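The values are calculated or read from the model by the stated rules, or taken from the named source; none is laboratory data. This is a predicted model, so every value here is computed, not measured. Cβ placement follows ideal geometry from the backbone for every residue including glycine, while neighbour counts extend to all protein chains displayed. Surface areas here come from the heavy atoms of the whole protein model, side chains and all, with no ligands, DNA or RNA. Shrake-Rupley method; radii C 1.70, N 1.55, O 1.52, S 1.80 Å.
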Amino acid sequence: MSSHKELGIQLPPLLPLEYCTVERAARLLGCEEEDIYHWHEVGAISLCVKLEDQSCRPSIRIKTEDGMMSLAEKKVLEKEGALDAFISTHSILGGIYLEPSNSDTWMFGFSGFANGFWKIRGKTENGNWLLTTVGEIEYKPTGEGLEHVTLLSINLPPIEGERYVFKPDLEKLHRAIHGIETLSNRYNDREIAESMRQAELEVQNIRPYRVEKKQAHLIRLLIESHPKLGTEVLEKPYAACDLLEAQFARDGIGTIDADPVTVGNWISGKRKK
């Protein structure tokens with residue numbers, strides 16, 4: 001595509017800001033704020049929020065190349081249940097601690113505190129935000145730490161505050177508004193459409209941690225209240241499926257279609273060691 005110099009088009013100057021609020025961006029670009037929110041909704045640009053010591057639920061993958069976590073890595077993770085910080089040019093995640101989770105083998109439940117700017121990726125089923133980092137993220141272990149650690153996103157309740165537009169998107173909108181280039185979005189760019197579709201599928205598959213904890217607590221209380229099962233099942237949570245199925249058979253109830261490890265996690269409130 002020809003540059004604006006080659007076309008003889010002179011763009012009006014744009015302040016060299018690294019980022020600005022949506023309100024300021026609209027003034028600079030000569031458009032309405034709702035236009036900027038529209039361009040975000042169609043995937044043309046990203047909007048960010050600024051966090052200060054915001055409690056969140058990070059989605060972190062810990063996985064080795066051969067799919068097996070070493071004994072040393074397990075010991076590091078289980079020692080204090082803590083990880084070191086993730087840092088990018090604009091995003092920081094620290095104070096990360098392991099929590100019980102019913103996720104798949106290599107996904108662990110964590111809590112942490114986020115600072116800096118984070119991109120709005122979407123909303124989960126329970127209305128929480130799903131945010132990703134601004135800039136390439138790097139894991140910063142201090143001393144002995146885990147390797148093969150990847151931060152996927154953070155999950156937190158919606159918060160009030162400004163939305164921000166970063167320089168690359170501000171310049172992109174500037175060029176598009178003045179007819180220098182087409183503004184790519186999900187309706188005219190297959191790559192953007194696929195990326196947004198994947199993001200929508202991702203947020204649909206994220207379970208709300210707090211709901212899971214309440215369900216697990218209810219299950220433990222129900223089992224504890226059973227005069228014949230309570231003590232034994234709570235003492236042997238990962239044998240719970242066998243014990244419950246035997247009792248159901250005696251009571252003439254159907255069989256259990258559940259994963260023994262998942263049921264054990266629910267009852268024990270933690271991952272199996």
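A few points about this structure:
- Peptides 41-47, 189-195 ordered by packing proxy, namely the average of other Cβ atoms within 10 Å per residue, highest first: 41-47, 189-195.
- Cβ crowding within 10 Å averaged over residues, with 85-97, 241-253, 151-163 ranked highest first: 85-97, 151-163, 241-253
- H40 accessible area, 1.4 Å probe, all protein chains in place, Å² to nearest 10: 40 Å²
- Spin-label model, A249 to L201: label points 7 Å out along the Cα-to-beta-carbon direction sit 4.0 nm apart.
- Solvent exposure ordering (accessible area, 1.4 Å, most first) of D53, D169: D53, D169
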